[in-house]
Structure formats: C-alpha cells, structure tokens
Amino acid sequence: MTRQTQTKENHPSPKAPDFIAWQVERRDDKSYWTRVGAAWDHKDDNGTTLQLDALPVDGRIVLRRPQEPKADQDNA
C-alpha cells in the first residue's frame, strides 16, 4: 500500500467555516467565550458538519457566524 502525497495543485485549500462553535460561561457578571470548534454547511444546503475540538462541561454550544476583524479606531 503506497501513501500518496497531497500537494496544493491536487488538493483544494480548506473552506473557511460557516460558523464558529463557542462555549459561553457566565462568571462574576461577565461572559467568557471559548472557541471549541467550527461548522461547515453542506454544498446542497441540507446539512451542516460540526467539528469539535473540545466539549463544554455544561453541554451547551453556541454557533455564530464568523465576524470580520474590526478595524482599529486609532488607525482610522
């Protein structure tokens, strides 16, 4: 059995996620957001694949669309 080497020419780059998976904890009247994974919509729009890198202790996951980084107001 041979192992085929994948290159940029024959393997497309990964698609950016459609959602980011977050664990949100409330402590001392503050919210702490921890990224725990990402999700991608299927090409046929009939499903979503969720990939988790960690599981929250409380079992609750929030999916949010990725946000563009905000421009620094001081550099405007």
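Points worth noting:
- Neighbours by Cβ (under 6 Å, 6+ apart or cross-chain): first from segment 65-76, farther than 20 Å from V36 by Cβ and open to solvent by less than 100 Å² (accessible area, probe 1.4 Å); second modelled with pLDDT under 60 and among the aromatic types (F, W, Y): none
- Residue check, R35 under 8 Å from the mean Cα position of the chain (by Cα), in a strand (DSSP E or B) and either modelled with pLDDT under 80 or surrounded by fewer than 14 Cβ atoms within 10 Å (Cβ to Cβ) (or both): yes
- Candidates in segment 1-32 are the residues that are within 21 Å of P66 (Cβ to Cβ) and surrounded by fewer than 12 Cβ atoms within 10 Å (Cβ to Cβ); of these, the one that is modelled with the lowest pLDDT is P12.
- Residue check, D58 part of a loop (DSSP other than H, G, I, E, B), at pLDDT 95 or above and either among the acidic types (D, E) or open to solvent by 80 Å² or more (accessible area, probe 1.4 Å) (or both): no
The values are calculated or read from the model by the stated rules, or taken from the named source; none is laboratory data. Quick caveat, the model's predicted, so the values are computed rather than measured. Positions of Cβ are generated from backbone atoms using ideal geometry, with glycine treated the same way; all protein chains shown enter the neighbour counts. Accessible surface areas use protein heavy atoms only, side chains included; no ligands, DNA or RNA. Shrake-Rupley method; radii C 1.70, N 1.55, O 1.52, S 1.80 Å.
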